[in-house]
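What follows is a short report on a single structure.
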Amino acid sequence: MKGLLLEEAYEVVDAVKARDFDGLEDELGDLLFLIVFYARLAEEEERFAIGDVIERVCGKLVRRHPHVFGGRQAATPEAALESWLSVKEGERQASAKAEGQSVLDGISASLPATLEAYELGVRAAEVKFDWRQVDDLLEKIEEELRELRRALASGAESQRQCVQEEVGDLLFAAANLARYIRSDPETCLRSANQKFKRRFQALEQEVAKRGKKLRECSLEGMESLWNEIKAREAE
């Protein structure tokens, strides 16, 4: 069921991205069904009901947006964000005193790793533990690339775990670069995936027009066609 919930959530995202409103209506229904289903299971165990879920999220919205529902003013979007972060931080501090929690607690382990990296960066940045400017983050990415090259150059089988760690460090830094430019790594990577898919399928079509199959082509020949496809897209 957990996998199905994630699948339905991603199908909602796909429909939103494609601006497929008919599909979005359908996918939101599928997602809503699972929400009600989980709430019903909890109700049968006498834990909570769907009404409690709705009441709780409404209370959270009101509590975290005093500049909208209360007397606090926010003259700019930045001030509104600062207000929201301040309330969230206050809630976490109160919870930490009661339960000994970390600033990083509460980030779901079920998130895709790129989004987990993004959320870890967001939490750290909320307490000012962050790169000062984008150039610092780009330098960090270059540093991770240098370390990865050194690990790969060693060639020793014992370095396999070291290489994996360096790849992970590089991906973590890249995920936070997406955050730094006010995007998120999943959106960036999904866009790159779709671009690769589109160009690769165009490559297949070009090769087929020449009466060949990809397996029969040299790498150089495929790269030449790939560059032609990229150039056409740029026109």
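A short reminder: the numbers here are calculations on the coordinates, not readings from a lab. Given the structure is predicted, the values throughout are model-derived calculations rather than measurements. Note that each Cβ is placed from the backbone with ideal geometry, even for glycine, and that neighbours are counted across all protein chains shown.
In this structure, Glu147 and Arg40 have a Cβ-Cβ separation that, at R0 = 45 Å, corresponds to a calculated FRET efficiency of about 0.35.
For the chain, lysine pairs separated by 8 or more sequence positions, or belonging to different chains, with Cα-Cα distances below 18 Å total 10. Between Ile181 and Arg160, residue separation times 0.36 nm minus the direct Cα-Cα distance comes to 4.3 nm. Go ahead and collect, in residue order, the members of the stretch 1-33 whose backbone nitrogen is under 14 Å from a label point 7 Å along the Cα-Cβ direction of Ala192. Once the point is set 7 Å along Cα→Cβ of Ala192, nothing inside the stretch 1-33 turns out to lie under 14 Å by backbone N. FRET efficiency for the Lys60 to Leu171 pair, using the beta carbon distance and R₀ = 35 Å, is estimated at 0.65.
Stretching the chain fully between Arg215 and Asp30 yields a gain of 62.5 nm (0.36 nm per residue, less the alpha carbon separation). When shorter helices are ignored and each DSSP H run of at least 4 residues is given -39500 (n - 2.57), the per-residue value for the chain at 222 nm works out to -26000 deg cm²/dmol. A prolate overall shape is assigned to the stretch 146-186, the ratio a/c of its alpha-carbon gyration tensor axes (a ≥ b ≥ c) being 1.5 or greater and a/b exceeding b/c. Dipole orientation for the chain: of the candidates Val12, Met222, Ile181, Met222 has the Cα lying most toward the positive pole (charges on Cβ; Lys, Arg +1; Asp, Glu -1). Specify whether the C-alpha gyration tensor of the stretch 1-64 places it in the rounded, prolate or oblate class, a ≥ b ≥ c being the square roots of the eigenvalues: rounded for a/c under 1.5, otherwise prolate if a/b is larger than b/c and oblate if not. Oblate. Within the chain, all pairs of alpha-carbon atoms sorted by distance into 5 Å bins from zero give the percentages 1, 5, 7, 9, 12, 15, 16, 12, 8, 6, 4, 3, 1, 0, 0.
When only alpha carbons of the stretch 194-234 are considered, Rg and Dmax amount to 9.7, 28 Å.
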